[in-house]
Amino acid sequence: MGTALVYHEDMTATRLLWDDPECEIERPERLTAALDRLRQRGLEQRCLRLSAREASEEELGLVHSPEYVSLVRETQVLGKEELQALSGQFDAIYFHPSTFHCARLAAGAGLQLVDAVLTGAVQNGLALVRPPGHHSQRAAANGFCVFNNVAIAAAHAKQKHGLHRILVVDWDVHHGQGIQYLFEDDPRSGWETLTTWLPSCTCCSHWPLSALESIRSARAAQAPHWKSLQLQDVTAVPMSPSSHSPEGRPPPLLPGGPVCKAAASAPSSLLDQPCLCPAPSVRTAVALTAPDITLVLPPDVIQQEGSALREETEAWARPHESLAREEALTALGKLLYLLDGMLDGQVNSGIAATPASAAAATLDVAVRRGLSHGAQRLLCVALGQLDRPPDLAHDGRSLWLNIRGKEAAALSMFHVSTPLPVMTGGFLSCILGLVLPLAYGFQPDLVLVALGPGHGLQGPHAALLAAMLRGLAGGRVLALLEEDSTPQLAGILARVLNGEAPPSLGPSSVASPEDVQALMYLRGQLEPQWKMLQCHPHLVA
């Protein structure tokens, strides 16, 4: 099972005992509506439902004082005036006779999820709970938070499961000071907080200047303590980027792309945004041309048997001499059939094989087929000897990233080439500091990952790349492999595209000076056109 969903339906602690407009934020209807949207889109049904339980007082005591736990327990028997008086002793807190019960359920839901993930029952999960927790402190409620759910879950993971390093990423408009105060003196827990202002428009990559300044300030404060923040130029990034492409022409409008609209109110939930297509019946499919290859695949990954019509396959193959041979034509037919299934919403992601001699031509067909059959914006990440087709239009509908190119070059706003980094740290820096910012700024609705001749990636590195790209385009990722590498890579990529975590890359290493120089050069060339690059790069030690 890939993902767990845990929530509790008893949310009476968030209801009002008295009229107070400031308490509107705590009404449970928001949580109920979010859950309803998960169900409507079929997401809840694809998860393992875990039942919430109350956290014990001993578990609450992992981060809270006994006196504070006792004080909250006593709210169960207080009257309205007493509850109002007690609430007034804290900042933005509204106690109810059911607060203790519901706050324990919220904390217990997080504990259930931690246990499920760390025992291997699921790969990951979501705890959908109220009241929240990140503002509450050892002996004080704060900001609608009663018990610090995340801090309790982290302490539980250390105590029960023996974890030594835990990263807490706290994303909110407000500083999660409760988590900071509880963990800042504990050297065993790595904790990171990002305090920012949400952009007024979420349909593009425009970040307010205050958010970028906040990121810069945080990086400057942390740089003395983290090597990964020291390997970079710390000069300020221009805040008034040019509106022209590297060729000096205005960047094109992306057909079907995002349109900025003034937002007078808070951004709507991501769940409110329309899906590109309904949840597919098949999550991942593998199209192989050699039937004697045996792969160990997850039970819900299918090996595709279908192929496109012969006449249609031959028509697409006709411009390419390398696709004339029977084995290449057969592989192309399977690829076209799989790609159509993805574009029609029948399959979410897939893996297809092709002879090495036909890899470039097959990728060219896949790009053109995708763009002509429904994909408005297509991202192609090509590794190895796979040059961009010279006649592919620079119309903003395709973004071509060539990793293992001959040199670092931004040939256009939508054509970037970089050598394959030689060290693990350089590979991570390339993905985090270049590929992902460009990919998320482009917002594709189809992703092609092509591992061509001489791609040079080991299995864990290819798996990590696929895992990071599956967050794009609703998970519509098609991996194109050489037939010779299929036995080594198809199995691991199928598991990753199906939702499993990628394997470890092994010991970390520092990016080489050459890799750092190439990344900084490309970012400098592309920053004026891509807003996601207009903050300091992420380099990995």
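The values are calculated or read from the model by the stated rules, or taken from the named source; none is laboratory data. It should be emphasised that the depicted structure is a prediction, and the values quoted were computed from it without experimental measurement. Glycine gets a Cβ as well: all are built from the backbone with ideal geometry, and neighbour counts include every protein chain shown. Please note that ligands, DNA and RNA were not included when accessible areas were found on the heavy atoms of the full protein model with its side chains. Shrake-Rupley method; radii C 1.70, N 1.55, O 1.52, S 1.80 Å.
Once neighbouring chains are kept in place and the probe is 1.4 Å, which whole percent of the accessible area of region 293-348 is contributed by carbon and sulfur?
52
State the percentage of accessible surface on region 62-133 attributable to carbon and sulfur atoms; use a 1.4 Å probe and exclude ligands, DNA and RNA.
Carbon-and-sulfur percentage of accessible area, whole number: 51.
Hey, with R₀ at 25 Å, roughly what FRET efficiency would residue 423 and residue 488 work out to, going by the Cβ-Cβ distance, to 0.05? Before the final figure, lay out the partial values.
Numbers: r = 22 Å, r/R0 = 0.86.
For R0 = 25 Å, the calculated efficiency reads 0.70.
What FRET efficiency, computed as 1/(1 + (r/R0)^6) with R0 = 25 Å and r the Cβ-Cβ distance, is obtained for residue 159 and residue 184, rounded to the nearest 0.05?
The value I calculate is 0.85.
Given labels modelled 7 Å from the Cα in the Cβ direction, how far is it in nm from residue 80 to residue 458?
6.7
Students often get this wrong: which residues of region 396-426 have the backbone nitrogen under 14 Å from the point 7 angstrom along Cα-to-C-beta of residue 509?
Within reach of a label on residue 509, which here means backbone N under 14 Å from a point 7 Å along Cα→Cβ, region 396-426 contributes 420-426.
Tell me, what ³J(HN,Hα) does each residue in region 394-401 have, in order and in whole Hz, if you take phi through Karplus 6.51 cos²θ - 1.76 cosθ + 1.60 with θ = phi - 60° and put x for Gly and Pro?
Calculated HN-Hα couplings, in order: 8, 9, x, 8, 10, 10, 10, 10 Hz.
Which order do peptides 450-458, 82-90, 47-55, 329-337 fall in by mean Cβ count within 10 Å, highest first?
Most protected by this proxy first, the peptides run 329-337, 450-458, 47-55, 82-90.
Counting only C-alpha contacts under 8 Å and six or more residues apart, can you give the relative contact order of region 380-421 as a whole percent?
Here the relative contact order equals 37 percent.
Relative to the present Cα-Cα distance, how much length would full extension add between residue 407 and residue 305 at 0.36 nm per residue of separation?
Details: separation 102, 0.36 × 102 = 36.72 nm, distance 3.98 nm.
Here the answer is 32.7 nm.
So who's got an amide H within less than 5 Å of the one on residue 398, skipping anything under 5 residues away but keeping other chains? H placed 1.01 Å off N, in plane.
When sequence neighbours closer than 5 places are left aside, the close amide H contacts are 378.
What is the percent carbon and sulfur in the accessible area of region 413-472, measuring with a 1.4 Å probe over the protein chains and ignoring ligands? List each step's numbers first, then the result.
Working: 890 of 1410 Å².
C and S atoms contribute 63 percent here.
Using a 1.4 angstrom probe, figure out how much accessible area region 420-487 has per residue, in square angstrom, rounded to the nearest whole.
I get 25 Å² per residue for region 420-487.
Please compute the per residue accessible area over region 72-127 with all protein chains in place, 1.4 Å probe, rounded to a whole number of Å².
Value returned for region 72-127: 44 Å² of accessible area per residue.
Considering only protein heavy atoms, what per residue accessible area in square angstrom results for region 341-410 with a 1.4 angstrom probe?
Heavy-atom accessible area per residue stands at 33 Å².
Each label point is 7 Å from the Cα along the Cα-to-Cβ direction; what then is the distance between the points at residue 70 and residue 175, in nm?
Result: 3.2 nm between the two label points.
As a test of reading the structure, rank 81, 326 by solvent-accessible area (1.4 Å probe, protein chains only), most first.
Working: 81 150, 326 100 Å².
Descending order: 81, 326.
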